[in-house]
Structure formats: C-alpha cells, structure tokens
1. Against the condition within 21 Å of Ala6 (Cα to Cα), surrounded by 21 or more Cβ atoms within 10 Å (Cβ to Cβ) and of a type in the set (A, V, I, L, M), how does Ile145 come out, does it pass?
2. Can you find, within the range 176-231, the residue that is farthest from the chain's Cα centre (by Cα) among those that are surrounded by 16 or more Cβ atoms within 10 Å (Cβ to Cβ) and among the polar types (S, T, N, Q)?
3. Across the range 117-141, what is the number of residues that are in a loop (DSSP other than H, G, I, E, B), in contact with a helix residue (DSSP H, G or I) (Cβ under 8 Å, 6 or more places away or on another chain) and within 17 Å of Ala92 (Cβ to Cβ)?
4. Looking only at the range 148-167, how many residues end up being open to solvent by less than 40 Å² (accessible area, probe 1.4 Å) and of a type in the set (D, E, K, R)?
5. Looking only at the range 261-294, count how many residues are within 18 Å of Met31 (Cβ to Cβ), of a type outside the set (A, V, I, L, M) and either part of a loop (DSSP other than H, G, I, E, B) or in contact with a Phe, Trp or Tyr (Cβ under 6 Å, 6 or more places away or on another chain) (or both).
6. Pairs please, first residue from the range 181-193 and touching a residue at least 12 places away in the same chain (Cβ under 8 Å) and under 11 Å from Arg235 (Cβ atoms), second anywhere and charged (D, E, K, R) and assigned to a loop (DSSP other than H, G, I, E, B), Cβ atoms under 8 Å, 6+ apart in sequence or on different chains.
7. Does any residue of the range 58-77 turn out to be closer than 22 Å to Ala156 by Cβ and open to solvent by 30 Å² or more (accessible area, probe 1.4 Å)?
8. Of all residues in the range 1-46, which are among the small types (Gly, Ala, Ser), under 30 Å from Ser253 (Cβ atoms) and out of contact with any helix residue (DSSP H, G or I) (no Cβ under 7 Å at 6 or more places or on another chain)?
Amino acid sequence: MIKRKAFAKINLALDILGKRSDGYHTVRMIMQTIDLYDTVTVDLLDNTSPRVSFSVDIADNKAVPAGIPTGDDNLCVRAANALIKRSGIRRAVSIHLTKRIPAEAGLAGGSTDAAAVLSGLNELLNIDYTIDGLSEIAVPLGADIPYCLRGGTMLAEGIGEELSGIEPQADGVAVVLIKPDFGMSTGMIYTQYDSLSEHRHPDIDGLIDLIQRRRLIDMKSCAGNVLEEVAVKIRPEISDIKTYLNKSGAFFSSVTGSGPTVYGLFSDKAQASFAAQEAKSSFPGYFVYNTVTV
C-alpha cells in the first residue's frame, strides 16, 4: 500500500495564445503548488479479477460533493486503468481518496489526485516509468496532470503539458483561498472568452523575472488571468471576494484556473490568518483556507 499527498495548485498567471483545430486552447501560464492536499491511498489486491475499485470520503466528514464522480468515470480510476493498460500488468487495484481540495474550484483537484494514482501505482507495480513516461499516459486524461506529477513553480505551455521549471521557486508566501458555494463550467468559461473581441494579457515573462528576483510582492504590475474577466461577468460575487482580499492586505489576488476560487497572496502569515477568519463570517457557506504556503 502506498499513500500520497496530492497537492493543489494555483495559477500565478494564465494567458491564452489561441485555439487549435482540435478545440484545445494553447496557453502560457505559471503554475504553483500550494500545501492544500488530498490524500490518495493505492493498494494491490489479491483478487484475481483485474479491476479498479474506488472509494472517497471528505476530510471533515461532510458528504461527498455532487461534483466528484465515484464510478469508473472518476479521473483516479481512469488514470489507473490507463497505466495498467500501458504496462500490460493486470492486477486488481484499490484506490481510496480523502478530499480536502474543493471540487470544481480551479485548483486541479481531480488532476492532482490522478497524478498521485499514477505515481503510486507506478511504484507499487515496479514499472519504473519516468515522469516523462507517466506524463505521456496522463496528457489524454487531462492537461494539468503532467504538472501535478512534478509540482513547484513552472511555466506551462502548449495545452499545459509543456513544462519548464522556474528557479528559485516562488515559496514562502501565505495564501488565502476563498471558493464560492458554486462551481463553474470550464467549457463555458472558454467559450465566453472566445466570444470576446479584446483581451488583456498578462506579462508572463515579466512575472518570471520577478519570481527569479524574489520580487513577488510587485507581481500586480504583470500577473493576471485572462479568464477572470469572463468569470466575473458570469458571477459578480467573484469581484467582491477580490475586493475583500485586497482590502485585507493581499498584495495580489486573482481567480485560479477558470474559477471560481479566488486566492490572495500575503507577505505576512498573521495578516493572512486574520483575513481568513474574517472571511468565514463575511462569506458564510464559502470554502476558506488560510496560510496555504507556496
């Protein structure tokens, strides 16, 4: 049995360069691991039937959200089946997932869980695929999974699978996450984005330079997420969260992924903790997580 922490991510910046003939968008974005994580347990069973069984619970004993599939269409199960098919090793596999990362939040919850399954099962089966080999299996399942196999501070290009590390990493910053009590359709967000005639693009190269010079505190001048404008138009509540975080002392706030989660970056952990506590009363029913260190 192998137990893995599956870490969430935020987008320090997200830009869209175009749309491919297959419907995928080409992107250029900076991804960052944060220390909010799910726990994935993978085990091999003596059962002779080579099937993947899956179970899930929530860390705070809440009911499993409707946004988390529990059958064969769960991304963890699909990842396990893809690896088993590629390797040719037919074994019965058990996967148990304990969720902390909210579903449909722009935090790569499903992708990071699938990455943990690929990594854990690769070790259990003694296959010894490299991360590049696992990424090749992962891309058809989800473009964020190759990043989640690596983590850290990375530039993602292509459809998100072309990765370059950024050093030094953007660590030592406190994060407050606020997810509204609703999800957002990634497909709908991208469709609305495509309908816009003008877009405000972030300066990705400028942000990389600030990260390398450890000047994240100045990132407001060049960071951003091109999908944020669309998300705010659909759900104006997102703008209220950003305003709250900025007034609470965040030196930068943004939607992550296609939303609806908003994060605020703080240089002071105590200030971040206070902002999170106040947010719990200001946004009742919302998911709030504080001092998630990047």
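1. In short, yes.
2. My answer is Gln192.
3. Residues that pass the stated criteria total 2.
4. 0
5. Adding up the residues that qualify gives 2.
6. That search, which allows pairs on different chains as well, returns Phe182/Arg235; Gly183/Glu104; Met184/Glu104; Met184/Arg235.
7. Scanning the range 58-77, I find at least one residue that is closer than 22 Å to Ala156 by Cβ and open to solvent by 30 Å² or more (accessible area, probe 1.4 Å), so the answer is yes.
8. Taking the range 1-46 and keeping what is among the small types (Gly, Ala, Ser), we get 6, 8, 13, 18, 21, 23.
Within this subset, residues satisfying the condition of being under 30 Å from Ser253 (Cβ atoms) are 6, 8, 13, 18.
Answer for the range 1-46, where residues must be among the small types (Gly, Ala, Ser), under 30 Å from Ser253 (Cβ atoms) and out of contact with any helix residue (DSSP H, G or I) (no Cβ under 7 Å at 6 or more places or on another chain): just Gly18.
The values are calculated or read from the model by the stated rules, or taken from the named source; none is laboratory data. This structure is a prediction, so every number in the text was calculated from the model and none was measured. We place every Cβ from the backbone using ideal geometry, glycine too, and count neighbours over all the protein chains shown. Heavy atoms of the whole protein, side chains included, go into the accessibility calculation; ligands, DNA and RNA do not. Shrake-Rupley method; radii C 1.70, N 1.55, O 1.52, S 1.80 Å.
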